[in-house]
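For reference, the structure discussed in these notes is given below.
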Amino acid sequence: MANKVSIDRPFGIYLDDYFVKTYSLVTGKDPNDFAFVEGVTPLSTLTEVIVSCITYFALIFGGRLLLTNIPVIKLNLIFQIHNFLLTITSASLFILFVEQIFPIYWRNGILFAVCSKNGWTQRLELLYYLNYLVKYWELADTIFLVLRKKNLEFLHVYHHSMTMALCYSQLTGRTTVSWVPIALNLMVHVFMYYYYFRAAGGAKIWWKKYLTTLQIIQFIIDLVFVYFCSYTYFASTYWPWMPNVGTCAGDEKAAIFG
């Protein structure tokens, strides 16, 4: 029987079936048994996040000093492979998120999808964790800049380190709205890393100028959703006399940090 598009199969097939097989093959574990537990799950403590950030800063700024009198190290092929793999990884995670979120949104509405504690599912928690791990991988972006002696812009360094910390805080805080900025970020990264992959091979990409516009749109949408959910949480918890639509699931510290 031919596969059909449905609420539970927005792409016509159960992509989660392939995810389960791949995850089990790579890790030797059943993804249905996953649970993010601080101090047990790898890279699940604040200490590990802080040490990782400090190591990141030491490597990029220390490396820049050490390479002062050394010729540019291009590593074009490795850089291309790095960006190609991140393109595929970002696309894979994005469609897996869509497959999980679409039924929740369709059956319950957007408010439920971003605010209800039942909008945080076991499978989404695993996807959030995998996305968090990818943020460590993405730190290599800056290493390549150092080796190629490119300028280290503050926004780039801040974004890479703080995004990793932000993903950690939302995992521990179990903020239901997490899927909005994460899914949008993954979508943008599909185009961004594909651009870097092609550009490293010498291609001229005509839509390069639209990447910045796409990132700005993503940022605005992120702010709207995150601040709406934060306001809803604090208004319903501390200022119930103010207009609000109920409460939003998530830890208070995560809401402040996010």
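The values are calculated or read from the model by the stated rules, or taken from the named source; none is laboratory data. Computed from a prediction, not measured in an experiment: that's the story for all the values here. Here the Cβ positions follow ideal geometry from the backbone for every residue, glycine too, while neighbour counts run over all protein chains shown.
Just a yes or no: is a residue in the stretch 197-212 over 30 Å from Ile73 (Cα atoms) and touching a residue at least 24 places away in the same chain (Cβ under 8 Å)? Lay out the reasoning, then the answer.
Initial filter on the stretch 197-212 (over 30 Å from Ile73 (Cα atoms)): none.
No, the stretch 197-212 contains no residue that is over 30 Å from Ile73 (Cα atoms) and touching a residue at least 24 places away in the same chain (Cβ under 8 Å).
Which residue out of Gly250, Gly246 is farther than 24 Å from Leu127 by Cα and not β-branched (Val, Ile, Thr)? Don't jump to the end; show me each part of the working.
Details: Gly250 fails: farther than 24 Å from Leu127 by Cα.
Step by step, each of Gly250, Gly246 is checked, and only Gly246 is farther than 24 Å from Leu127 by Cα and not β-branched (Val, Ile, Thr).
Right, Pro71: of a type outside the set (Phe, Trp, Tyr), loosely packed, with under 10 Cβ neighbours inside 10 Å and either in a helix (DSSP H, G or I) or under 19 Å from the mean Cα position of the chain (by Cα) (or both) or not? Give the derivation first.
On the way: of a type outside the set (Phe, Trp, Tyr): yes; loosely packed, with under 10 Cβ neighbours inside 10 Å: yes; either in a helix (DSSP H, G or I) or under 19 Å from the mean Cα position of the chain (by Cα) (or both): no.
Answer is no for this residue.
Do we find that Val157 is under 23 Å from Tyr56 (Cβ atoms) and touching a residue at least 60 places away in the same chain (Cβ under 8 Å) in this structure? If you could, list the steps in order and put the result at the bottom.
On the way: under 23 Å from Tyr56 (Cβ atoms): yes; touching a residue at least 60 places away in the same chain (Cβ under 8 Å): yes.
Answer is yes for this residue.
When Ala91 is evaluated against the numbered criteria (1) surrounded by fewer than 18 Cβ atoms within 10 Å (Cβ to Cβ); (2) free of Cβ contacts under 8 Å to residues at least 60 places away in the same chain, which criterion, by number, is the only one it fails?
(2)
Which condition does Leu155 not pass, out of (1) loosely packed, with under 15 Cβ neighbours inside 10 Å; (2) modelled with pLDDT of 95 or more, if it passes all the others?
Status for Leu155: all satisfied but (2).
Looking at (1) part of a helix (DSSP H, G or I); (2) buried (at least 18 other Cβ atoms within 10 Å of the Cβ); (3) under 21 Å from the mean Cα position of the chain (by Cα), which is the only condition Tyr233 fails?
Going through the list (1) part of a helix (DSSP H, G or I); (2) buried (at least 18 other Cβ atoms within 10 Å of the Cβ); (3) under 21 Å from the mean Cα position of the chain (by Cα), Tyr233 breaks only (3).
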